[in-house]
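Take a look at the structure set out below.
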Amino acid sequence: MLEINDLHVYYGGIHAVKGISLSIPQGQIVTLIGANGAGKSSTVRAVAGLARNTRGSILLNKATILGRDPEEIVRAGIALSPEGRRILPHLTVEENLRLGAYARNDKPGITRDLEWVYSLFPRLRERLWQKGGTLSGGEQQMLAVGRALMSSPDLLMLDEPSLGLAPLLVREIFSIIRQINSQGKTVLLIEQNAFAALSISNYAYILETGKIALHGPGQELLHNPQVKEAYLGA
Amino acid sequence: MPAPQTRPAYEAARFLGAAGLLMLALAGAETFLDPYKIQILNLIAINIILALSLNLIYGFTGMFSLGHAGFMAIGAYVCSLCVLTPAYKETMWILEPIIWPFSHMELGFFPAVIAGGICAALAGLLIALPVLRLGGDYLGIATLGFSEIIRVLITNATPITNGSLGIKGIPKFSTLWWNYGWLLFTLYFVVSLLRSNSGNVLKAIRDDQIAAKTMGINTFRQQALSFTVGAFFAGVGGALTACLISTIDPKMFSFLLTFNVLMIAVAGGLGSITGSVVAGIIITVLLEWLRIVEEEINLGFILIPGIPGMRMVIFSMALMLIIIFRREGIMGMRELAWDTPLRLWRRFAKTSAPPPPAKNFSIQEAETMPRSQAAIPGENEFILELRKAGMRFGGVTAVKDLNMSVKTGCIAGFIGPNGAGKTTVFNLISGFYKPTQGRILFQGADITGLPPHLVCKRGIARTFQNIRLFPTLSALQNVLVGFHVRQKSQWWMPGLQLPASRREYAAMREAAMRLLKRLGLDDEACEAAGSLPYGKQRRLEIARALATEPRFLLLDEPAAGMNPYETQDLMELIQDIRQDFNLTILLIEHDMKVVMGVCSNIWVLEYGICIADGPPEAIRNDPKVIEAYLGEEYMEYA
């Protein structure tokens, strides 16, 4: 579904991604793992059209999307729940979610997805009328994930969705990701919680200083001694 | 590597050398140039003074101010009233006679300029008190209004200002020597202020006011200070202008004048001193040179009639182009330095000057200071106590009846579902919210409702969930801002080159470097905090908090976004700094490995109410906590 070939991303004079290639097959969960600064976020930013200084190629269903504007990429079916949440602080929870569906026209579908997001995150329904900026950190994280879902994407990219969530919710968010995936959506996941992420992934790539150091099926990496030592804290 | 420090003697020699060169140049100019060119040189000096004063307010402290014409008017009128002779004033005021004491006062030129500056500064202070609480655009609108009010006041205060007729025949005291003398003084003062820790503090306020408050900075006081100093130099600029062009009237001090100054400051680069100097020269010269576009131009075959005001059209367009294509101006925030080539060579050769010897300004020493009211065990068993503390926002109760006693010297944890009110409690303790209920005691003293900077002074430091560093400041400067709260030197001292304040700054730099080294950030000391990778930003935020010499440290999700390996490092770091800096730590964290691993006592919050507290083993097995927070499968999952 998504093919990345020899992608380079430069970011403020830093060569953040140094030629990575990866592919995300339809209907799978693919995870990027790596230390802070390894280039994970830069990669998804490039896919979302937010990184300006790039080289290489990104193909979505064989059509090139590198260099296109972020809003076109959303319409092409890719949504991002970004690092740092980036919710709209002065809009209410519901307005934030509805804006996620800005590129859609199917009213019944939007209403259905809104209900779906509220059922995934009941906490958001409790805060319906509250402004985004007054939510706690973890609630904002839920809102960011929910907003990404509202564009009804084919490919959902989640940049550290479990960041700042309580343990109970961390578990829940991974089961939600599975649930989203089982409804036919492809997921590209960035996580620091490597154990949980690898457990639910079909395939995973490990990034080190802008390059792919290792890749393989999630279960396989989970039992790889190198990975265990460096990322699972065994 | 930290930037090598230059020795005071060398610096003084350099300054005197430059001043000498300038004097030679001025003497030359006076002898060889015609009066028109000398006039332009004079305008350059005054424009640079004005641009520097605006840059201090806007570029370095981040306060968008459009009141410059008002301050200049005050300076110009006060100075003119002072330098004119009583006899002359008697004859000049024809609409209404001039009233006492203005009719009788007479001062020399130098004291008159000072008086103009001081009156402008007073007006600045007066306007600062109510409007500085506004921020951003509102401040711009308020100061613009102030400037117009001053103009209207001057127009109508005829017995003092001669009304709309203005004042004519002001003696032309503003010679090259005076103007460039004032320029040198302004440069010297502004540069020493900005190079001292006060400069770091002002820039910190510009970058992030909330974070600056947690560093113990009274942001309002610092902003008022910068605004007042800026107004002083604007007043001086106005006074010099009056004595240069010898005629002033209220129409002169319209918004257009502010716009001119703004244009120089923006074109040069907000936050760059040399930028203001360079742009001051270029724009003043261009403004004169472009007079040709306002005159008739005869191209031989066609006669273009002169269009008055064409210059400003061109300049406004140039300003728009700058904003569109090079928003940071000619210099951005960079500076041209005497030793730029030297520094480049040094970087090339990878040598560095040895750090200057300095008195130790250490955390240990700080402990012997009276302020720490040494935490004697037994006397204050609990360093922090919350007694029935609560917080309501409108109808929403965020925290209710929270009782909490944190033992001195321990590491305590604070957990609970998202939105339970944990960060709200941090904001209550650190003074960002005033509790609507209950009391907060720190080291036995009531700190309920103290503003953040005073809470910091008492010895409470914090970090933020979303990291709030001063992004444009270097890592070293970030830490130096933290030292400000314990600093003894005052803001006006750097200009006097007092050895004590010099030594203190050097000592602070050393202590800051040690602190950075302690947290493994010494290689990044000179890098902008905003460009550091995430993990290092987290560490730097802790270093900065430690610089305020806290007894009590609040960490809001320190392990968020870290992988297990980095988390392990962090746990060791937390335990080490507690030991080394003799701290008590309270942390919010969702990573149970951290909470269970380092905390000796844990409080659990749900819907603003404490549902459990106790040691980790008890919390881990508490059915209420498992249900609300950890989840049934927590054990196998972790």
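Remarks
- Only Cα pairs under 8 Å and 6+ residues apart enter the sum, and on that basis the relative contact order of the range A:85-152 stands at 56 percent.
- ³J(HN,Hα), Karplus 6.51/-1.76/1.60, whole Hz, each residue of the range B:290-299, x for Gly, Pro: 6, 4, 4, 6, 8, 9, 5, 10, 9, 8
- Potential extension, B:Ala318-B:Cys526 segment - 0.36 nm per residue separation minus Cα distance: 71.5 nm
- ³J(HN,Hα) computed for each position of the range B:140-152 - Karplus, 6.51 cos²θ - 1.76 cosθ + 1.60, integer Hz, glycine/proline x: x, 5, 5, 6, 4, x, 4, 4, 5, 4, 4, 5, 5
- Amide H contacts for A:Ala16 (H built 1.01 Å from N in the peptide plane; partners 5 or more residues away or on another chain; cut-off under 5 Å): A:Val9, A:Tyr10, A:Tyr11.
- As a proxy for reagent exposure, B:Val83, B:Val399 were ordered by neighbouring Cβ count within 10 angstrom, fewest first; the result is B:Val83, B:Val399.
- Computed from the C-beta positions of A:Arg86 and B:Asp446 and an R0 of 56 Å, the FRET efficiency is 0.90 to the nearest 0.05.
- Dipole magnitude of the range B:33-325 about its Cα centre (Cβ charges: Lys, Arg +1; Asp, Glu -1), debye to nearest 20: 580 debye
- Neighbour net charge for A:Gly132 - beta-carbon separation under 11 angstrom, K R +1, D E -1: +2
- Kirkwood hydrodynamic radius (C-alpha pairs) into Stokes-Einstein, the protein assembly as shown, 37 °C and 0.692 mPa s, D in µm²/s: 107 µm²/s
- Rg and Dmax, both from the Cα atoms of chain A and both in Å, are 17.0, 50.
- Taking trypsin sites (Lys or Arg not before Pro) in DSSP loop conformation with at most 11 other Cβ atoms inside 10 Å as exposed sites, chain A has its longest uninterrupted site-free stretch at A:63-234.
- Contact order, relative form, for chain B: 16 percent (alpha carbon pairs under 8 Å, 6 or more residues apart, mean separation divided by residue count).
- Environment charge at B:Gly145 (Cβ cut-off 14 Å; Lys +1, Arg +1, Asp -1, Glu -1): -1
- B:Ala27 paired with A:Lys131, simple spin-label distance in nm, labels 7 Å along Cα-to-beta-carbon: 6.4 nm
- Inverting the pair-averaged 1/r between distinct Cα atoms of the range B:117-242 gives 16.6 Å as its Kirkwood hydrodynamic radius.
- 15 Å beta-carbon shell around B:Ile98, net charge (K/R +1, D/E -1): -1
- Extension gain, B:Tyr10 back to B:Glu296 (0.36 nm per residue minus Cα-Cα distance, nm): 97.6 nm
- Each Lys and Arg Cβ is given +1 and each Asp and Glu Cβ -1; about its Cα centre, chain B then shows a dipole of about 1080 debye.
- For the range B:229-332, the list of GluC sites (Glu not before Pro) that fall in a loop by DSSP and count at most 12 other C-beta atoms within 10 angstrom reads B:Glu296.
- For chain A: relative contact order, % (alpha-carbon pairs under 8 angstrom, 6 or more apart): 27 percent
- Neighbour counts of other Cβ atoms within 10 Å put B:Thr161, B:Thr155, B:Thr423 in the fewest-to-most order B:Thr155, B:Thr423, B:Thr161.
- Note on A:Glu95 and A:Phe195: their simple-model spin labels are 4.2 nm apart, each label 7 Å out from Cα toward Cβ.
- Here B:Asp576 and B:Arg221 are evaluated by their C-beta separation; at R0 = 45 Å the FRET efficiency comes out at 0.80.
- Backbone phi angles across the range B:420-425, fed through the Karplus curve with coefficients 6.51, -1.76 and 1.60 (θ = phi - 60°), yield HN-Hα couplings of 7, x, 5, 5, 4, 4 Hz in residue order; Gly and Pro are listed as x.
Rule-based calculations on the coordinates, nothing more; no lab input. Nothing here was measured: the structure is a model prediction, and the numbers come from that model. We place every Cβ from the backbone using ideal geometry, glycine too, and count neighbours over all the protein chains shown.
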